[in-house]
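The values are calculated or read from the model by the stated rules, or taken from the named source; none is laboratory data. The structure displayed is predicted, hence computed values, not measured ones. Methodologically, a virtual Cβ is constructed for each residue, glycine included, from the backbone with ideal geometry; neighbour enumeration extends over all protein chains shown.
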Amino acid sequence: MQVECVGCGEELLEERAELGYRYCLRPACQEEYRRGPEVTAVGVNKSGESFVVAEPDEVRRRAEAGEFAAKNAAVPPTPGAGVPAPRRPQPAPRRPAPAPVRPWTAQQEKLVRLYHDMGLSPRQIVDRCRESAPRLRVDERLVVKILSAPRR
């Protein structure tokens, strides 16, 4: 069974007819009847080409939008080329972080850390503090808070 091209009427190759094509390989018939995306090679600096499968109009639109431009380009595309100028968000004014509130004095911390560096447990630290400096009023809860906080 012979199949003819719908454009020029010439006989189609058997392989094309089996694949379901209804047009021949002549450029005029290809241009008129071929449908579907094209593969476009996009040159990329210092690497191999990237391939984009899309309609030619879409590839052109994406290229004009700067999608295929070098990502590390020093000069941004000009707004006149159809590309919007990049917006740089204004950083919110930074407020200095408040200093952490420590419910103990420097003397309490110095004494607790001294005893801790000697290898004493929190219970032993409390006992030593009560013997040597009862006016500091160090209890076990305060010792744990001091030891859990970063050093000043």
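So the values come out like this:
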item	result
Total residues in segment 2-26, condition in a helix (DSSP H, G or I), within 50 Å of the chain's Cα centre (by Cα) and loosely packed, with under 12 Cβ neighbours inside 10 Å	3
Flag if L114 is out of contact with any helix residue (DSSP H, G or I) (no Cβ under 6 Å at 6 or more places or on another chain) and buried (at least 16 other Cβ atoms within 10 Å of the Cβ)	no
Hits in segment 83-131 (condition: part of a loop (DSSP other than H, G, I, E, B) and touching a Phe, Trp or Tyr at 6+ places or on another chain (Cβ under 7 Å))	none
Single residue of segment 27-52 satisfying the filter (surrounded by fewer than 11 Cβ atoms within 10 Å (Cβ to Cβ) and not in a loop (DSSP other than H, G, I, E, B)) that is modelled with the highest pLDDT	P27
